[in-house]
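Undergrad: Pasting a structure below so you can have a look.
The values are calculated or read from the model by the stated rules, or taken from the named source; none is laboratory data. Only a predicted model underlies this, so the values are computations on that prediction, with no experimental measurement involved. Cβ: placed from backbone, ideal geometry, glycine included. Neighbour counts: every protein chain shown. SASA here: full protein model, heavy atoms, side chains in, ligands and nucleic acids out. Shrake-Rupley method; radii C 1.70, N 1.55, O 1.52, S 1.80 Å.
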Amino acid sequence: MSPQYFVDAILVLGLIVVLGRRQLTWRPVEISQMWRLPTILGVVGLAILGTADGRFSALDITLIAVELATSLAIGAWMGAIAHFRRLPEPVRFGRDDRNLAHYESRTAPWGLALWGLMIATRIGLAAIAHISGAQLAASTGIILLAFAANRAGNTFVFAGRLTRHAAAPMTTYRDALRS
C-alpha cells in the first residue's frame with residue numbers, strides 16, 4: 001500500500017467516525033455552524049488540488065463530476081430525512097450570545113446507511129480512477145471536496161426545511177386532531 005493510499009484511508013476513516021457519530025446522536029443545530037465544515041473541507045480540498053501537477057484527462061473531469069454530483073445528491077437526501085425537534089431551552093454556540101440553537105437534529109440509521117452509500121461510491125470511483133490512470137480523480141483533494149459537497153447539500157436542504165418548520169405556527173396534538 002502506498003503512503004498516499006494509507007493517508008487517504010486514515011482520512012476517510014476519521015471522517016466516517018466523526019460524521020457517522022453525528023448521524024446517530026441528537027445534536028444542537030445552528031445553521032451558520034453547519035456551513036463551517038463544508039467550507040473548511042472545500043478550501044482544504046481545493047488547496048490540495050492546487051498542489052497537483054496540471055495534467056488531467058477528460059476521464060478525470062468525468063469521474064470528479066460524477067463523484068461531486070453523487071455526494072451532493074446524497075447530502076441533500078440526508079438533509080431531507082433528517083429529524084429535528086425543538087430544544088426545551090436554547091443552547092449557546094460559540095463565544096457570541098447571539099448564536100443560539102433552538103433545535104436539535106439527527107438522521108439516525110438511515111443517515112449512516114447513506115454515508116455507506118457515499119463511501120461505496122467513492123471507493124468504486126477511486127478504483128476506476130486508479131485502474132484507468134486518472135490520478136487527479138483519485139487524489140485526497142477530491143475526497144475532501146466530495147465530503148464538502150455532501151455536507152453542503154445536507155445543510156442547504158436541512159436549512160430550508162428548518163426555516164419552513166420554524167415559520168409554521170406551533171400546533172398541539174389537540175389542534176391537529178381538531179383540523
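Undergrad: Hey, does region 115-124 have a residue that's touching a helix residue (DSSP H, G or I) at 6+ places or on another chain (Cβ under 7 Å), open to solvent by less than 40 Å² (accessible area, probe 1.4 Å) and of a type in the set (Lys, Arg)?
TA: Taking every residue of region 115-124 in turn, at least one turns out to be touching a helix residue (DSSP H, G or I) at 6+ places or on another chain (Cβ under 7 Å), open to solvent by less than 40 Å² (accessible area, probe 1.4 Å) and of a type in the set (Lys, Arg).
Undergrad: On to the next question. If I go through region 129-147 residue by residue, how many of them are open to solvent by less than 70 Å² (accessible area, probe 1.4 Å) and assigned to a helix (DSSP H, G or I)?
TA: 13
Undergrad: Moving on to the next point. If LEU11 passes every condition in (1) touching a helix residue (DSSP H, G or I) at 6+ places or on another chain (Cβ under 6 Å); (2) at pLDDT below 85 but one, which one does it miss?
TA: Unmet for LEU11, out of (1) touching a helix residue (DSSP H, G or I) at 6+ places or on another chain (Cβ under 6 Å); (2) at pLDDT below 85: (1).
Undergrad: Would you pick out the residues in region 29-54 that are outside any helix (DSSP H, G or I) and open to solvent by less than 50 Å² (accessible area, probe 1.4 Å)?
TA: Answer for region 29-54, where residues must be outside any helix (DSSP H, G or I) and open to solvent by less than 50 Å² (accessible area, probe 1.4 Å): VAL29, GLU30, ALA52.
Undergrad: If you don't mind, another one. Which residue out of ALA101, ALA126, ALA80 is part of a helix (DSSP H, G or I) and farther than 19 Å from LEU11 by Cβ?
TA: Among ALA101, ALA126, ALA80, only ALA80 is part of a helix (DSSP H, G or I) and farther than 19 Å from LEU11 by Cβ.
Undergrad: Another question about this same structure. What do you reckon, is VAL91 farther than 22 Å from ALA52 by Cβ and surrounded by 13 or more Cβ atoms within 10 Å (Cβ to Cβ)?
TA: yes
Undergrad: Is it the case that ARG21 is modelled with pLDDT of 85 or more, under 22 Å from HIS102 (Cα atoms) and open to solvent by 60 Å² or more (accessible area, probe 1.4 Å)?
TA: no
Undergrad: Within region 149-168, does at least one residue satisfy the condition of being within 26 Å of VAL44 (Cα to Cα), at pLDDT below 85, more than 15 Å from the chain's Cα centre (by Cα) and not in a helix (DSSP H, G or I)?
TA: Within region 149-168, none of the residues are within 26 Å of VAL44 (Cα to Cα), at pLDDT below 85, more than 15 Å from the chain's Cα centre (by Cα) and not in a helix (DSSP H, G or I).
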